[in-house]
Amino acid sequence: MTADAKTRRKVLTRGSWPESRRIASVLRSETVGGVLLIVAAIIALIWANTPWARAYETLRDFHIGPASLHLNLSLSAWAADGLLAIFFFVVGLELKREFVAGDLRDPRRAALPVVAAVGGMVVPALIFVLINRGGAEGALNGWAIPTATDIAFALAVLAVITTHLPTALRTFLLTLAVVDDLLAVTVIAIFYTSELDLPFLAAALIPIALFAVAVQRRISSPWLLVPLALLAWWLVHLSGVHATVAGVLLGFTVPVLVRHGESDEHGLAERFEHLIRPLSAGFAVPVFAFFAAGVTIGGLSGLTDSLGDRITLGIAAGLVVGKLVGITGTTYLTVKLTRAELDAELSWIDVIGVALLGGIGFTVSLLVGELAFTGDHTRADHVRIGVLFGTIVAAVLATVVLRVRNRVYRALAEAEQRDDDGDGIPDVYQRPQTPE
């Protein structure tokens, strides 16, 4: 091996032991939530295709809430606008935690998943546009639908196939999905805001600022923070911007680092995340999935007709082909252009497997689909079928690829757990590594 090869920067290394422990804890919670999400989606899909489908539609479209406050919404709208704000609050906490105190505070480590996330959004959008260009009027409104990755669903697939995915790849997948979610909510705010009421949007900055002042002073009382968060959410909702944006903004205000002299070893963001993530993964996202996934397929002929629609094809191709090409391609180009190389324990087939997992788009894809084709029930059904079909194909292909490498992953997992000196830290994390 030449001296140049020995000194090349490594990418997709395992990172530090504290960060690996934190990532493992996050992924366990998301995996449980992913299983609940899949169960909720299956129940909704089956129910919507039984003789009792009308009851499902009645429940989904049931309106509740004070009309005087412009909050008389259907249960499905409450799930999309309200419960998903909790999900995006956790996204905001997670993203800030990653870039302030996680391994990704180093720009060199952060660059790869960020670039991969961008590639994993741009290519699926281009594929959707190419397929739907010159098609029916308004079809291009759905260009952003196949750009999102559902980390909970992806991790649930990993749990089912029982693969021992290496820590570096799990961290890469989680970070990629979190950045993906941030970009997705930015797209929602910019491209899917039809009417903007600036006074309400300006007014929303007041409770957000008060929330920020409170958390910066390390005030964590729910009696103060929850009313401020609800007020911010309501004002953003009235402004015309999708209310989930409020969740991300509030998450960004929470401090990550522990102040000198504080007795608690965990920062406020980590404590909030620990408290709210189970609510997000175990309730908010599954309930949204239940109301969003119920599509009447109409038998084999109905499924065939739906799959022949350009919107459905664009979404499915974007999720499967677009994510694969976008994530793998940008990762490969980044490594080559920076004259780096993959960690010796990994190969490019591993990156392909993770890219296919990135094609598992569900929660945010369905949300964008609802916003893109509001009031168009036929296209909304085609969106659901496209997301479900693309997600299933991506999951099956990812399973095949990752199962091929499962024996290698198992050996790596055993090495990561070996602690011969009994100090509680696996030996592999105490060896010097080439910096990423």
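Data table
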read-out: Residue within the range 103-119 that is surrounded by fewer than 18 Cβ atoms within 10 Å (Cβ to Cβ), modelled with pLDDT of 85 or more and charged (D, E, K, R) present; value: no
read-out: Set ALA41, ALA55: member being farther than 24 Å from HIS237 by Cα, touching a helix residue (DSSP H, G or I) at 6+ places or on another chain (Cβ under 9 Å), outside any loop (DSSP other than H, G, I, E, B) and in contact (Cβ under 8 Å) with a residue 12 or more places away in the chain; value: ALA41
read-out: Extreme residue, farthest from VAL241 (Cα to Cα), among residues of the range 185-211 that are surrounded by 20 or more Cβ atoms within 10 Å (Cβ to Cβ) and at pLDDT below 90; value: VAL185
read-out: Helices (runs of 4 or more DSSP H) within the range 347-408 that include 2 or more residues farther than 26 Å from ASN132 by Cβ; value: 348-358, 377-404
read-out: Residue in the range 290-305 that is crowded, with 23+ Cβ neighbours inside 10 Å, at pLDDT 85 or above and more than 30 Å from THR244 (Cβ to Cβ) present; value: no
read-out: Top-ranked residue of the range 162-184 - restricted to ones that are under 20 Å from ALA281 (Cα atoms) and touching a Ser or Thr at 6+ places or on another chain (Cβ under 6 Å), ranked as modelled with the highest pLDDT; value: ASP180
read-out: Output for the range 318-365, where each listed residue is surrounded by 22 or more Cβ atoms within 10 Å (Cβ to Cβ), charged (D, E, K, R) and closer than 18 Å to VAL404 by Cα; value: ASP350
read-out: Candidates THR378, THR338, THR330, THR363 - the one that is of a type in the set (Val, Ile, Thr) and modelled with pLDDT of 85 or more; value: THR330
read-out: Extreme residue, surrounded by the most Cβ atoms within 10 Å (Cβ to Cβ), among residues of the range 67-92 that are touching a strand residue (DSSP E or B) at 6+ places or on another chain (Cβ under 9 Å) and of a type in the set (S, T, N, Q); value: SER74
read-out: Tally, over the range 221-235, of residues that are under 13 Å from GLY251 (Cα atoms) and outside any helix (DSSP H, G or I); value: 0
read-out: Single residue of THR328, THR334, THR296 found to be over 19 Å from the mean Cα position of the chain (by Cα), assigned to a helix (DSSP H, G or I) and among the β-branched types (Val, Ile, Thr); value: THR334
read-out: Count of the range 67-126 residues which are of a type outside the set (A, V, I, L, M, F, W, C) and in a loop (DSSP other than H, G, I, E, B); value: 4
read-out: Residue count, the range 161-196 (criterion: over 18 Å from the mean Cα position of the chain (by Cα), assigned to a helix (DSSP H, G or I) and without any contact (Cβ under 8 Å) to a residue 60 or more places away in the chain); value: 2
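The values are calculated or read from the model by the stated rules, or taken from the named source; none is laboratory data. Quantities reported herein were computed from a predicted structural model and do not represent experimental measurements. Backbone-built Cβ (ideal geometry, glycine too); neighbour counts: all protein chains shown.
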